[in-house]
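Read the structure below first, then the notes.
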Amino acid sequence: MILPRPILLASSLLAFGMSGLHAQQVSVTVQAGAPGKAISPDLVGIFFEDLSYAADGGLYAELVQNRSFSYTPADNKDWQPLTAWQLVQRDGAQGSLTVETATPLNDHNQAHAVLTVTAPGDGVGLLNEGFDGIALKAGETYNLSLFARQLTGSAAPLSVRLESKTGALLAEATLPAPTTGWQKVSTTLKPATTDADARLVVLATAPGTLALDMVSLFPAKTFRDRPNGLRADLAQVVADLKPKFIRFPGGCLVHGDGVDNIYHWKNTIGPVEQRKGQPNIWRYHQTVGLGYFEYFQFCEDIGAKPLPVVAAGVCCQNSNHSRGTGQQGLPLDAMPAYIQDVLDLIEYANGPVTSTWGSKRAAAGHPAPFGLRYLGVGNEDKITPVFKERFRMIYEAVKARHPEITVVGTSGPFPEGPDYAQGWKFANELRLPMVDEHGYKSPQWFWDNLQRYDRYDRSKSKVYLGEWAAHDHKRRSTLRSAIAEAAYLTALERNGDIVSFSSYAPLLAKRRHTHWSPNLIYFNNTDVFPTINYHVQQLFSVNSGDTYLTTTISATATPATFAASSIRDSKTGDLILKLVNGTDSAKPVRIELAGAKNLPATATATVLAGNDANVVNDGRPPAVWPRTASITIAPAFDYEASANSLTVIRINTR
Ligand code: AHR
């Protein structure tokens, strides 16, 4: 055992260089020869919510905004059914554009455009401006489809064009003349030039009236080439996190702005034109084109366990803020149907193709089960009698019918306080298998609370830290926040026997449409900007393990500024040591790998570090980036942890 060495020897000072002159050495001892304790191998995952245009206008690859003319002031007070659309009248043409509901495509999709061509000229039509424009790449294929119906007059082929903002033609194709009943028509377009701010134009050239709906433009290349798929570059950056699970589809979006706005998974499956979109609690519109099938498929595509969340039969306690209605429960006589929906979700994910809901999964192209094992019920709800009554009903039904499903309960929006206390009391009463905790706090809070989970009762529910992030000054993504998160992650690893999952929140935010800060990944229509915090999550995720090795730190300061954890990954046999230095100066570290066997002479050290903890990375090119190098190691060796750094030392012991 190495004794604490609070005072650094002069010879070591020289070895650490000038930056170590005033820094006190710390000793880290890893019980590398001991069996250690089993921890969750799935500690780091992601939480996805359609917030800040994360889905519509973001990960969901649809390029047409308001494709079904469904926007209303209920989505956003400034919106109406023709938001993002314009009437175009080319070269002497005359006509009009309205949105009507007289001849709907189906019950869920009532609104549609009606285009009247009085004088055809060079075409009367409609133009879509996309989500901040349509980003096109030269030589790529784009799939255009729409539903059309000729209402009056003689039908003629429709012209579809991709144009620059100033009207220059980028690509053009023709669609067959509309029929008198609704018919889906499609074509492909291949622009010759790249344009980050293009428009889609659909033109009619014969006098008469026609109805149009579900005007859609997708890049042919989506993530894993899935139809109705995800934006490839953005999905790849998410996949590169190697998340062990995905919690979806939210957040506040799940329990909704009032009981009528609760998210119902059944509205989000099947042909996209039959899905039922609704106002997004974050004041825009959710098409639910990215729906439950696509979520499950994405989980499978990236090897993440699905963790869907359903509302606990109550809406968000902050609902209808101005009217102050707050949390409300579904009427009790509506609960049996709601509970059946929850049970049907499990059947949709896991049931045989011969079952009612399993057959719908198969019809969507996935006969094999999705392997659902976890289900969140509730999202940081206020723990009231109304909530508890409904939660208990859902939980007991799921437990009785599906004992194989781990239900994850909720403990309010904060990591302390009345809802936290009541949420845990209720979880203990019900003997819930797992509880979702949320915590958005200052970087210092995370440093001050590194021992939080050491104190948790191991006989009680497991923890899912479902939403968390260090909120620094002005809620920017600073190096300070990322390093505080790294320190906290070492504490989560140490407590991986009780903390099963964790997910930073929120995951995605589109520049110019950011409703919440900070976020893990920023993006616009053409680029993706992972933050420093992203690299921290990724370093813990790709360097995960299943056994925690007792790790002791000497000479700890109060408040803490240094953290460490060590784990073993049984798949590779690697021993992985993480060191976090939260000070502005380099820290000399004496590392002892007590009892380690088969130690090689070298290991890889990946370092994320910067001299200035205030450095911000929230969408500009990254200022701080992890770098990997080989280092020499021994059963006991010296290492210098850079200022404001996370170091991951990976040692192959096989
Ligand atoms: O992550 C953003 C929001 O924070 C979530 O929707 C909600 O659960 C929490 O309040």
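Send over the Kirkwood Rh of segment 363-434, from the inverse of the averaged 1/r over different Cα pairs, rounded to one decimal Å.
13.2 Å
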Inset, instruction - Enumerate the amide H contacts of Thr410 below 5 Å, restricted to partners 5 or more residues apart or on another chain; note that Pro and chain-start residues carry no placed amide H. - result: Asp436
Legend entry - Simple spin-label estimate for Arg654 and Thr602 in nanometres, 7 Å along Cα-Cβ: 2.0 nm
Inset, instruction - Starting from the amide H of Leu432, placed 1.01 Å from N in the peptide plane, find each other amide H under 5 Å away whose residue is 5 or more places distant or on another chain. - result: none
Inset, instruction - Quick one: compute the contact order of segment 393-497, relative version, from alpha carbon pairs under 8 angstrom and 6+ residues apart, as a percent. - result: 24 percent
Inset, instruction - Quick one: what are the phi-derived ³J(HN,Hα) couplings along segment 50-60, Karplus 6.51/-1.76/1.60 with θ = phi - 60°, whole Hz, x for glycine and proline? - result: 6, 10, 6, 6, 5, 9, 5, x, x, 5, 6
Legend entry - Given charges at Cβ of Lys, Arg, Asp, Glu: segment 316-452 dipole, positive-most of Trp447, Ile339, Leu430: Ile339
Inset, instruction - Using a cut-off of under 18 Å, list every residue of segment 449-478 whose amide N is near the label point 7 Å from the Cα of Ala557 along the Cα-to-beta-carbon line. - result: 449-451
Legend entry - Sequence-distant lysines (8 or more away, or on other chains) whose Cα lies within less than 21 Å of Lys388: Lys399, Lys425, Lys460, Lys462
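So what is Rg over Rh here for the chain, counting just Cα atoms and using Kirkwood for Rh?
Values: Rg = 27.5 Å, Rh = 26.8 Å.
Reported Rg/Rh, Kirkwood definition of Rh: 1.03.
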Inset, instruction - With label points built 7 Å along Cα→Cβ from the Cα atoms of Glu416 and Leu169, find their separation and express it in nm. - result: 6.8 nm
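Only Lys, Arg, Asp and Glu count, each charged at its Cβ (+1, +1, -1, -1), so figure out the dipole size of segment 28-102 about its Cα centre, rounded to 20 debye.
Working: 4 positive and 9 negative charges, 40 e Å.
Approximately 200 debye in magnitude.
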Inset, instruction - List, largest first, the extents of the alpha carbons of segment 299-441 along their principal axes, each in whole Å. - result: 45, 34, 31
Inset, instruction - Please arrange Val353, Val99 by counting, for each residue, the other beta carbons lying within 10 Å of its beta carbon, fewest first. - result: Val353, Val99
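Could you give the Stokes-Einstein D for segment 392-484 in µm² per second, using the C-alpha Kirkwood radius, 10 °C, 1.306 mPa s? Spell out each step's value before the answer.
Details: Rh = 14.7 Å.
Estimated diffusion coefficient is 108 µm²/s.
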Inset, instruction - List the residues whose amide H sits under 5 Å from the amide H of Lys305, counting only those 5 or more places along or on another chain, with H placed 1.01 Å from N in the peptide plane. - result: Phe245, Ile246
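Pairs of Cα atoms under 8 Å, at least six residues apart: use those to get the relative contact order of the chain, whole percent.
On the way: 1687 pairs, mean separation 107.2, N = 654.
Relative contact order for the chain comes out at 16 percent.
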Inset, instruction - Quote the charge dipole size of segment 373-435 about the Cα centre in Debye, to the nearest 20; the model charges only the Cβ of Lys and Arg (+1) and of Asp and Glu (-1). - result: 240 debye
Inset, instruction - Determine the distance separating the Cα centre of segment 487-504 from the Cα centre of segment 141-204; give it in Å without decimals. - result: 51 Å
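Under the definition of Cα pairs under 8 Å and six or more residues apart, what whole-number percent is the relative contact order of segment 516-645? Let's see the in-between values first.
Values: 219 pairs, mean separation 37.1, N = 130.
This gives 29 percent for segment 516-645.
Can you sort Val114, Val288 from fewest to most other Cβ atoms within 10 Å of each residue's own Cβ?
Val114, Val288
For the chain, give the magnitude of the charge dipole about the Cα centre (Cβ charges: +1 Lys/Arg, -1 Asp/Glu; no others), in debye to the nearest 20.
Working: 60 positive and 60 negative charges, 235 e Å.
Approximately 1120 debye in magnitude.
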Inset, instruction - Using θ = phi - 60° and the Karplus relation 6.51 cos²θ - 1.76 cosθ + 1.60, list the HN-Hα couplings for segment 193-202 in order, rounded to whole Hz, with x at every Gly or Pro. - result: 10, 7, 8, 7, 9, 8, 10, 10, 10, 10
Legend entry - Relative exposure of Cys315, Cys252, judged by other C-beta atoms within 10 Å (fewest first): Cys252, Cys315
Legend entry - Bridge type composition, the chain - antiparallel percent by DSSP, nearest 5: 75 percent
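Given just the C-alpha atoms of segment 556-654, how large is their convex hull per residue in cubic angstrom?
Working: hull volume 11.8 nm³, N = 99.
Convex hull of Cα atoms, per residue: 120 Å³.
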Legend entry - Estimated vicinal HN-Hα couplings, Hz - segment 479-489 in sequence order (Karplus 6.51, -1.76, 1.60; Gly, Pro = x): 4, 4, 5, 5, 6, 4, 5, 4, 4, 5, 5
Legend entry - Leading residue at positive end of dipole, the chain (Cβ point charges), from Leu158, Ala594, Pro559: Ala594
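Just so you know, all these numbers are worked out from the coordinates, no wet-lab data involved. Keep in mind that this is a model prediction, so the values were computed, not measured. Here Cβ is always computed from backbone atoms with ideal geometry, including for glycine, and neighbour counts include all displayed protein chains.
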